[in-house]
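Colleague: Below you will find the structure I want to go over with you.
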Amino acid sequence: MTYIERVQEFLKRASNKQKLIVIYGPTGSGKTAMSIEIAKYLDTEIISTDSRQIFKYMDIWTGKITHEEMEWVKHHMLDIINPDESFSMWEFVRQSEKIIERLWSENKVPMLVGGTGLYIDSLIFERNAAEVASDPELRKQLDLLSNEELYNKLVEIDPEYAAEIHPNNRPYIERGIEIMKLTGKSKREFRAEKNLLYDVLFLTPDYGDRANLYNRINTRVEMMFDAWAEEEVRSLVEKWYKKDDFGMNSIGYREFFPYFEWKITKSEVIAQIQQNSRNYAKRQLTWFRKYTDF
């Protein structure tokens, strides 16, 4: 069955819930081409669920869709903030839900497209982490830790959730630690155990086995270097964005700073980005396993 046929079947189902289409997959899997084809068929709009594509000026290494690739399909949640600004998940939810409601009012099926599982989950699952009460004593202990110490603690007890959180995002790190300490469960598990809020069709590109995906990622990184990727990072540095800024800690950007300081070679930058991208893809695959249950 083709992707379009699956969409047609999905739309025929009787449901009292509003409908959403989620196109997910690891980095380099081919989500963009697939999403454009389906969006054009449905005459609808796309909401990006990629936590790195919210940043302005960061285009190549985030894999941000170009205006040519959009083919006149309207995209949302791209180029929202500067690389040195923060953006909470709940602000993402607030803005995205307004777009979703507007599309439903126009009898269109919203499409969520991206690889940040945390963003996807925040929109489609019942949000119930708030049911876990805060522990004032634990919070006092966490407040004494530096950002680095706090993040390392989260990595130690909940590495998969930590992979989705910026190392300087104290509120999310503290809450992740608190939930794990109090319940023995990851914050991710609370979302995964609950029901979907809407009628959702999950689609992912056919990118072959993991070895093929990793080869695609390696090739993609090499091609990005041919697309003026180094110049993009240099231009951000010239705008005085620093390596500890919220956006600049992303894969494809943070690896360049040692290179600019003459500490590593360009080939080493490429190798590091490839390795970090493969590691990120591995974490994404783990996160997305639950989607196959729906």
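Colleague: Can you tell me, using C-alpha contacts under 8 Å and at least 6 residues apart, the relative contact order of the chain as a whole percent?
Modeller: Numbers: 370 pairs, mean separation 81.4, N = 294.
Dividing the mean separation by the residue count of the chain yields 28 percent.
Colleague: Would you mind working out the magnitude of the charge dipole of the stretch 131-190 relative to its Cα centre, with +1 at each Lys and Arg C-beta and -1 at each Asp and Glu C-beta, to the nearest 20 Debye? List each step's numbers first, then the result.
Modeller: On the way: 9 positive and 13 negative charges, 18 e Å.
Dipole of the stretch 131-190, to the nearest 20 debye: 80 debye.
Colleague: Continuing with this model, one more query. What list of ³J(HN,Hα) values in whole Hz, one per residue of the stretch 165-177 in order, does the Karplus curve 6.51 cos²θ - 1.76 cosθ + 1.60 (θ = phi - 60°) give from phi, with Gly and Pro shown as x?
Modeller: Those phi angles translate into 10, 5, x, 9, 8, 4, x, 6, 5, 4, 5, x, 5 Hz.
Colleague: Rounded to the nearest 5, what is the percent of antiparallel bridges among the DSSP beta bridges in the chain? Provide the component values of the computation, followed by the final result.
Modeller: Working: 1 of 15 bridges.
DSSP beta bridges in the chain are roughly 5 percent antiparallel.
Colleague: Using the charge dipole of the stretch 1-135 (Lys, Arg: +1 at Cβ; Asp, Glu: -1 at Cβ; taken about the Cα centre), state which of Ile65, Ile38, Thr2 has its Cα farthest towards the positive end.
Modeller: Thr2
Colleague: Under a point spin-label approximation (7 Å from Cα along Cα-to-Cβ), what is the Lys19-Ile4 distance to one decimal in nm?
Modeller: It works out to 1.6 nm between the two label points.
Colleague: Can I ask one more? Phe125's amide H: which non-local residues (gap 5+, or another chain) put their own amide H closer than 5 Å, with H modeled 1.01 Å from N in plane and none for Pro or chain starts?
Modeller: Leu197
Colleague: Using +1 on the beta carbon of Lys and Arg, -1 on that of Asp and Glu, and nothing else charged, what's the dipole of the chain about the Cα centre, debye to 20? Display every interim value, and only then the final one.
Modeller: On the way: 42 positive and 48 negative charges, 124 e Å.
Approximately 600 debye in magnitude.
Colleague: Sticking with this structure for a sec: Given the peptides 224-235, 39-50, 174-185, arrange them by the average over their residues of other C-beta atoms within 10 Å, most packed first. Spell out each step's value before the answer.
Modeller: Details: 224-235: 15.0, 39-50: 20.0, 174-185: 18.1.
Packing proxy ranking, top to bottom: 39-50, 174-185, 224-235.
Colleague: Among Gln53, Gly28, Phe125, flag the residue with its Cα farthest along the positive direction of the charge dipole of the stretch 13-164, charges on Cβ as +1 for Lys/Arg and -1 for Asp/Glu.
Modeller: Of the candidates, Phe125 comes out farthest on the positive side.
Colleague: In sequence order, what are the phi-derived ³J(HN,Hα) couplings for the stretch 63-75 according to the Karplus relation 6.51 cos²θ - 1.76 cosθ + 1.60 with θ = phi - 60°, rounded to whole Hz, with x for glycine and proline?
Modeller: Coupling constants for the stretch 63-75: x, 5, 5, 8, 4, 5, 5, 5, 6, 6, 7, 6, 10 Hz.
Colleague: Here's another thing I want to ask about it. Using only the Cα atoms of the chain, build the gyration tensor, take square roots of its eigenvalues as a ≥ b ≥ c, and label the shape rounded, prolate or oblate: rounded if a/c is under 1.5, else prolate if a/b is larger than b/c, else oblate. It would help to have the intermediate numbers written out before the result.
Modeller: Working: a/c = 1.70, a/b = 1.11, b/c = 1.53.
It is oblate, given that a/c is not under 1.5 and a/b is not larger than b/c.
Colleague: Now for a separate question. What shape does the stretch 210-284 have by the C-alpha gyration tensor, where a ≥ b ≥ c are the square roots of the eigenvalues, rounded means a/c under 1.5, and otherwise prolate means a/b greater than b/c and oblate the rest?
Modeller: Values: a/c = 1.99, a/b = 1.63, b/c = 1.22.
It comes out prolate by the Cα gyration axes.
Colleague: By its C-alpha gyration tensor, with a ≥ b ≥ c as the square roots of the eigenvalues, how is the stretch 1-77 shaped: rounded for a/c under 1.5, else prolate for a/b larger than b/c, else oblate?
Modeller: Values: a/c = 2.05, a/b = 1.92, b/c = 1.07.
Because a/c hits 1.5 or more and a/b exceeds b/c, the stretch 1-77 counts as prolate.
Colleague: For the chain, what does -39500 (n - 2.57) per DSSP helix run (n ≥ 4), summed and divided by total residues, give at 222 nm, in deg cm²/dmol to the nearest 500?
Modeller: On the way: 14 runs with 149 residues, N = 294.
After summing the helix terms and dividing by residue count, I get -15000 deg cm²/dmol.
Colleague: Cβ under 11 Å from Trp228's Cβ, Trp228 left aside: what net charge do those residues give with Lys, Arg +1 and Asp, Glu -1? Provide the component values of the computation, followed by the final result.
Modeller: Working: positive: Arg234; negative: Asp59, Asp226, Glu230, Glu231, Glu232.
That works out to -4.
Colleague: Still on this model: Using the Cα centre of the chain as origin and beta-carbon charges of +1 (Lys, Arg) and -1 (Asp, Glu), tell me which of Met248, Asn212, Tyr198 is placed farthest towards the positive end of the dipole.
Modeller: Towards the positive end, the residue furthest out is Tyr198.
Colleague: In debye, nearest 20, what is the charge dipole magnitude of the stretch 61-178 about its Cα centre with +1 on Lys and Arg Cβ and -1 on Asp and Glu Cβ, if you could check?
Modeller: Working: 12 positive and 24 negative charges, 76 e Å.
Charge dipole of the stretch 61-178: 360 debye, to the nearest 20.
Read-outs: derived from the displayed coordinates by stated rules, not from any lab. Quick caveat, the model's predicted, so the values are computed rather than measured. Here the Cβ is made from the backbone with ideal geometry for all residues, glycine too, and neighbour counts use every protein chain on show.
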